[in-house]
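First comes the structure, then the notes that go with it.
The values are calculated or read from the model by the stated rules, or taken from the named source; none is laboratory data. Keep in mind that what you see is a predicted model, and the values were worked out from it rather than measured. Cβ: placed from backbone, ideal geometry, glycine included. Neighbour counts: every protein chain shown. Ligands, DNA and RNA are excluded from the accessible area calculation, which covers all protein heavy atoms including side chains. Shrake-Rupley method; radii C 1.70, N 1.55, O 1.52, S 1.80 Å.
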Amino acid sequence: MTIDFYYTWGSAPCRSVYLCAKALGVELNLKKTDLMAGDHMKPEFLKINYQHRVPTIVDNGFVLWESRAIMVYLVEKYGKDDFLFPKDPQARARVMEKICFDLGDLYQNFAVYYYPTIFAKAPLRPESFKRMVQSVDFLEKGLEGQVYAAGDQLTIADFALVATIATYDGFKFDFSKYPNITRWYEMCKKIIVGYEINQKGAAEFADNYYGRIPK
């Protein structure tokens, strides 16, 4: 049985779910959702997701959105062991800490800085840029002495964070002063199954929108 997956590759959260599914060997029935064309506001989609968001999955009638919740669900339902989401309470809590950091800090601050300009032509706000840089600083510190984002094994935290960092990269963020992020990022590119979709999606998003940013 396959899972319906409503997505757009421009979305970092969508790409993180895709990477998780690939790692688990879960087959996704891809349903591209063009947000600019209003696909997410069509009645048939609103019946599935009243918040009209992607990513959204439908697994044998079970509907779920919010990428981090989806990744936890996929691992707990389809994972054969605690690969990607440890069962140990402390290790699991560390993964949750990192995906919450991505949701409320790293990804959020990218969106706060860029999205008003991209989608509403608002001026860029220097204070928002400072918060975005601070988020990257935090990630750099968090990766110090660690192989992966949340410890010594690949987890869903890596999928969430690398999708966001690839988006930063597409928008020409300078990572030259961040050796821990650079090492981890390059490793993720090599070891994560299906990673090319993440890089392609981030590049497409940048191609569509980075040029709208005043230089």
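Candidates in segment 88-123 are the residues that are at pLDDT below 95, in a loop (DSSP other than H, G, I, E, B) and not small (G, A, S); of these, the one that is least open to solvent (accessible area, probe 1.4 Å) is P123.
Exactly one residue out of S176, S128 is outside any helix (DSSP H, G or I) and either touching a Gly at 6+ places or on another chain (Cβ under 6 Å) or among the polar types (S, T, N, Q) (or both): that is S176.
Screening G61 against (1) small (G, A, S); (2) closer than 17 Å to L154 by Cα; (3) without any contact (Cβ under 8 Å) to a residue 60 or more places away in the chain leaves a single unmet condition, (2). Condition first: free of Cβ contacts under 8 Å to residues at least 40 places away in the same chain, buried (at least 17 other Cβ atoms within 10 Å of the Cβ) and under 17 Å from Y7 (Cβ atoms). Can you find one or more residues in segment 184-195 that meet it? Scanning segment 184-195, I find no residue that is free of Cβ contacts under 8 Å to residues at least 40 places away in the same chain, buried (at least 17 other Cβ atoms within 10 Å of the Cβ) and under 17 Å from Y7 (Cβ atoms), so the answer is no.
Name the residue that is farthest from G104 (Cα to Cα), counting only residues in segment 117-140 that are among the basic types (K, R) and over 20 Å from the mean Cα position of the chain (by Cα).
For segment 117-140, the residue satisfying everything is K121.
The residue of segment 26-46 that is least open to solvent (accessible area, probe 1.4 Å), among those that are in a loop (DSSP other than H, G, I, E, B) and free of Cβ contacts under 8 Å to residues at least 40 places away in the same chain, is T33. Give the residues of segment 50-76 that are open to solvent by 60 Å² or more (accessible area, probe 1.4 Å) and closer than 15 Å to D4 by Cβ, sorted by residue number. Matches in segment 50-76: R53, N60, G61, F62. Annotation for segment 135-150: no member residue is open to solvent by 60 Å² or more (accessible area, probe 1.4 Å), outside any helix (DSSP H, G or I), of a type in the set (S, T, N, Q) and farther than 21 Å from G79 by Cα. Flag not set for F159, criterion: more than 18 Å from the chain's Cα centre (by Cα), among the hydrophobic types (A, V, I, L, M, F, W, C) and assigned to a helix (DSSP H, G or I).
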